[in-house]
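Here's the structure, in structure tokens; my notes come after.
The values are calculated or read from the model by the stated rules, or taken from the named source; none is laboratory data. Keep in mind that this is a model prediction, so the values were computed, not measured. Methodologically, a virtual Cβ is constructed for each residue, glycine included, from the backbone with ideal geometry; neighbour enumeration extends over all protein chains shown.
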Amino acid sequence: MTFASIFNDVLGPIMRGPSSSHTAGSYHIAATARSLLGEAPARATFTFDPDGSYAETYREQNADKAFITGLLGWPPTDARFGKAVVEARRLGVDIAFRVAKLRRTDHPNMVLARLAGVSGKKFDLLAKSTGGGTFTVVEVGGREVSIDGKRGIRVRGVGTAEPVYFIQKGKPLFASATEMVRFARRRRLSLGDAALGYETVLLGMSEGEAAAEMRRRYAVMEASIEAGLNPAKIRLSLLRPTAHKILEAERRGRLPLGGIPTRAAARATAVMHASNSGGVVCAAPTGGSAGVIPAVLVTLAREMSVPEPTLIKALFAAGAVGLVFARRATFAAEIAGCQVEIGAAGAMAAAAVVEAAGGTASEACDAAAVALQNTMGSVCDLVQGRCEIPCHTRNAAAAAAAFLCADLVRGGYRNPISLDETVDASMASGQMLPPELRVTSRGGLAVTPSARALGRQRGRQKRS
């Protein structure tokens, strides 16, 4: 990684669902290919290794549409996204997807793109989607490169890859949770304030500019909840929309517990409804975990009357915890299971709750560590290759648990294992998981008889 930024790597990108690795990452790879091509495409073939994650999920998680959207030069949230395959055909662009053995497979999300432009310009591009919408192009035209979208790079004899992210303007203020807490303590800052300072120095923004960019992302989070609460606009493949029903049952006092955790859980479910319907969401830190942080922040605002400036600082606090993951681990479940996606989101959300409650940077990091310690070893066993089951309920549970973990630490629990060490342990345990439990849909819940039978029910559920 060239450098780690909250906006580039943690709370973003703003994308269409459902998967940041397979939707946003694929879009960024294709947009970079378009930039190198320097002209409209005429033909493109995208090849995935049979043992990788793309082979199992590229249709179900809209990677095919994302590759096309990026290659055609459209923005990632373009309304034509859902019809990208048809639109490419209408424009006369010949785009194909195939599964075949790749000669280089050092990542589960490898893709080989064979490209031709309208002038006849041709080259091959080998890339990997590395989690949370990030990517690395490793070969262009047979030449070794390292293109991650964070700076412009000229490839001799091919073209220039323009950046797709904010570029670095300054040096990072800290590189670990330990340094982050020490930095905040010395300057008597909350974690959110420390993270805001980090991002402004790193990206050369003013505090006002950084806060405005975070407000823009929060607005997308709010809108994704509202979209998911409208069942008329939800198009799920395996589930029926239930977020609105849960909120209504809670409002009427029909649930055994109810209260703030349940409302947060319902809102997390709503975001996942929207994401899996191809709606616009903010990866936080991934598409598969996009429900947790929006649900917690909106619940803080609506149920606890937390003012907007404090919400923005809480989002920066969440982003600070995400920076630890970005630097020490990964956001790719293909590498380390669900603990680095929904588990990471739950940790980030717990820190956000502590920040909103006026807690210290140390308390926020401890709450994040506790949340992550309770998702250790979580597998990614998505049913039918879709981010629906068990992703909906895992997002819901993580959103509810964020409040509990914040309460534990603020109430006096002393966390004995630091956030840095917890992230390291999470990464290590995740890498011990077999490939069958890392996004390939070849293990866990995905291979149960009930999960396999859901495919036969899909048409009936869409009509109901």
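Data table
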{"read-out": "Criterion (outside any helix (DSSP H, G or I), closer than 22 Å to Ala194 by Cα and among the hydrophobic types (A, V, I, L, M, F, W, C)) met by exactly one of Ala314, Ala318, Ala290, Ala284", "value": "Ala284"}
{"read-out": "Candidates Glu363, Glu355, Glu421, Glu388, filtered to the one that is on the phi < 0 side of the Ramachandran plot, in contact with a Phe, Trp or Tyr (Cβ under 9 Å, 6 or more places away or on another chain), among the charged types (D, E, K, R) and modelled with pLDDT of 95 or more", "value": "Glu355"}
{"read-out": "So Ile95, is it outside the structural domain of Ala290 (by TED's automatic domain parsing), outside any helix (DSSP H, G or I), farther than 23 Å from His392 by Cα and not polar (S, T, N, Q)", "value": "yes"}
{"read-out": "Residues within the range 252-305 that are of a type outside the set (S, T, N, Q) and at positive phi, tallied", "value": "4"}
{"read-out": "Pair list, Cβ under 6 Å, 6 or more apart: the range 106-119 residue in the same structural domain as Gly141 (by TED's automatic domain parsing), other residue part of a loop (DSSP other than H, G, I, E, B) and surrounded by fewer than 21 Cβ atoms within 10 Å (Cβ to Cβ)", "value": "Met110/Leu102; Leu112/Leu102; Gly117/Glu39; Val118/Glu39; Val118/Ala40; Ser119/Glu39"}
{"read-out": "Filtered residue count, the range 1-23, keeping only those that are under 10 Å from the mean Cα position of the chain (by Cα), not in a helix (DSSP H, G or I) and not hydrophobic (A, V, I, L, M, F, W, C)", "value": "5"}
{"read-out": "Meets criteria (surrounded by fewer than 16 Cβ atoms within 10 Å (Cβ to Cβ) and of a type in the set (Gly, Ala, Ser)) for Ala161", "value": "no"}
{"read-out": "Among residues of the range 219-235, those that are surrounded by 17 or more Cβ atoms within 10 Å (Cβ to Cβ) and modelled with pLDDT under 95, counted", "value": "0"}
{"read-out": "Met180, sole failed condition from (1) surrounded by 22 or more Cβ atoms within 10 Å (Cβ to Cβ); (2) without any contact (Cβ under 8 Å) to a residue 40 or more places away in the chain", "value": "(2)"}
{"read-out": "Residue among Ala249, Ala223, Ala265 that alone is in contact with a helix residue (DSSP H, G or I) (Cβ under 8 Å, 6 or more places away or on another chain) and assigned by TED's automatic domain parsing to the domain that holds Gly359", "value": "Ala265"}
{"read-out": "Those helices (runs of 4 or more DSSP H) lying entirely in the range 162-265 with at least 2 residues under 24 Å from the mean Cα position of the chain (by Cα) and acidic (Asp, Glu)", "value": "191-203, 207-228"}
{"read-out": "Residues being in a helix (DSSP H, G or I) and touching a strand residue (DSSP E or B) at 6+ places or on another chain (Cβ under 8 Å) - total across the range 338-350", "value": "2"}
{"read-out": "Test: residue in the range 36-50 that is surrounded by 24 or more Cβ atoms within 10 Å (Cβ to Cβ) and under 19 Å from the mean Cα position of the chain (by Cα)", "value": "no"}
{"read-out": "Count - residues of the range 271-281 that are surrounded by 24 or more Cβ atoms within 10 Å (Cβ to Cβ) and touching a Lys or Arg at 6+ places or on another chain (Cβ under 6 Å)", "value": "0"}
{"read-out": "Some residue of the range 295-302 being within 21 Å of Leu382 (Cβ to Cβ) and out of contact with any Pro (no Cβ under 7 Å at 6 or more places or on another chain)", "value": "yes"}
{"read-out": "Tally of residues being surrounded by fewer than 17 Cβ atoms within 10 Å (Cβ to Cβ) and over 20 Å from Thr360 (Cβ atoms) across the range 183-210", "value": "6"}
{"read-out": "Residue that is within 17 Å of Gly291 (Cα to Cα), touching a helix residue (DSSP H, G or I) at 6+ places or on another chain (Cβ under 9 Å) and hydrophobic (A, V, I, L, M, F, W, C), where the choices are Leu229, Leu238", "value": "Leu229"}
{"read-out": "Test: residue in the range 260-270 that is basic (Lys, Arg), closer than 22 Å to Val353 by Cα and surrounded by 23 or more Cβ atoms within 10 Å (Cβ to Cβ)", "value": "yes"}
